[in-house]
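The values are calculated or read from the model by the stated rules, or taken from the named source; none is laboratory data. Keep in mind that this is a model prediction, so the values were computed, not measured.
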Amino acid sequence: MRLKKAERKQVRLKYGGHCAYCGVLLGDRWHADHPEPVIRVSDERVAEQAKDHNLDNMMPACAPCNISKGRQTLEG
Ligand SMILES: [Zn+2]
């Protein structure tokens with residue numbers, strides 16, 4: 001999922017520029033993680049609301065947290 005620069009900034013500021021998972025101060029490299037599954041909608045107006053809703057659900061995550069989340073099945 002691609003975010004506009006302003007949207008990324010908004011997500012990052014939700015946690016004061018820190019990772020939502022470990023609290024480390026985020027540098028230039030961080031990921032916008034969304035724990036909630038993306039809802040598919042056909043109606044355009046609902047889709048617009050869902051987009052805002054998605055941004056609400058976005059969590060700023062540092063690279064190690066983002067990677068370790070993806071590796072959970074491998075490393076238990
Ligand atoms: Zn982290």
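General observations
- Scanning the stretch 58-76 for residues being of a type in the set (D, E, K, R) and modelled with pLDDT of 90 or more gives a total of 0.
- Selected residue (criterion: modelled with the lowest pLDDT) from residues of the stretch 1-57 that are aliphatic (A, V, I, L, M) and in a loop (DSSP other than H, G, I, E, B): Val38
- Scanning the stretch 1-29 for residues that are under 16 Å from Asn57 (Cα atoms) and of a type in the set (A, V, I, L, M, F, W, C) turns up Met1, Leu3, Ala6, Val11, Leu13, Cys19, Ala20.
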